[in-house]
Amino acid sequence: MNLVLEEFLPYRFNRLAETLSRNASIAYKTEYGLSRPEWRAFALLGQKGTMTATEISYYSTMHKTKVSRAIYALEQKRWLVREVDENDRRLERITLTKQGQKAYENLVPKMQRIEQEMISRLGKENSEALFKGLAALEELYLDKETASRSRRAG
């Protein structure tokens, strides 16, 4: 029995996701010097507003160590602030600053153009099939809440 790695579905998804992320990262890396974890934390804060590091970790599927480093780097850029939660002093609420919000508003259209270019290169029929297939896989393999969030985001 032999496994052909290049034909193994999880490997194919991972390889493709890595390539797409690397291509998309050019925009935020070139202009702002952001790493992928920094971009993910930054994008989540821009999308959702105030969050905790635990929430960022959950939504981004990044380990809490990467989230902590990303938060620290964004804080050094003065793009976010942390405030201790009044009800639970162990929690910090993290929010974009005005400078961070401005950078987010500048970067989002660029990232949307990159995504749109990827989709348009596929063509209408292939992109519809891709989204249908992704929704089916999410339904099968992600918990219901995560799958629902993914469908709303896509």
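Brief remarks follow.
- Yes/no for GLU86 being of a type in the set (Asp, Glu), more than 23 Å from ARG22 (Cβ to Cβ), at pLDDT 95 or above and surrounded by fewer than 16 Cβ atoms within 10 Å (Cβ to Cβ): no
- Members of the range 103-117 that are exposed (fewer than 14 other Cβ atoms within 10 Å of the Cβ) and within 24 Å of VAL84 (Cα to Cα): none
- Residue match in the range 118-140 (condition: surrounded by fewer than 11 Cβ atoms within 10 Å (Cβ to Cβ), not acidic (Asp, Glu) and not in a helix (DSSP H, G or I)): yes
- Enumeration of residues in the range 63-92 that are touching a helix residue (DSSP H, G or I) at 6+ places or on another chain (Cβ under 8 Å) and within 23 Å of GLU105 (Cβ to Cβ): VAL67, ALA70, ILE71, ALA73, LEU74, LYS77, ARG78, TRP79, LEU80, VAL81, ARG82
- Count of the range 9-47 residues, restricted to those that are surrounded by 12 or more Cβ atoms within 10 Å (Cβ to Cβ) and over 20 Å from GLN116 (Cα atoms), is 11.
- For first residues located in the range 62-85 and in contact (Cβ under 8 Å) with a residue 24 or more places away in the chain and part of a helix (DSSP H, G or I), partners that are among the β-branched types (Val, Ile, Thr) and buried (at least 16 other Cβ atoms within 10 Å of the Cβ) and lie 6+ apart or on another chain with Cβ distances below 6 Å form the pairs VAL67/ILE56.
- Considering residues of the range 91-102 that are in a helix (DSSP H, G or I) and surrounded by 11 or more Cβ atoms within 10 Å (Cβ to Cβ) only, the residue farthest from the chain's Cα centre (by Cα): GLN99
The values are calculated or read from the model by the stated rules, or taken from the named source; none is laboratory data. These numbers come from a predicted model, not from an experiment. Please note: Cβ atoms are built from the backbone with ideal geometry, for glycine as well, and neighbour counts cover all protein chains shown.
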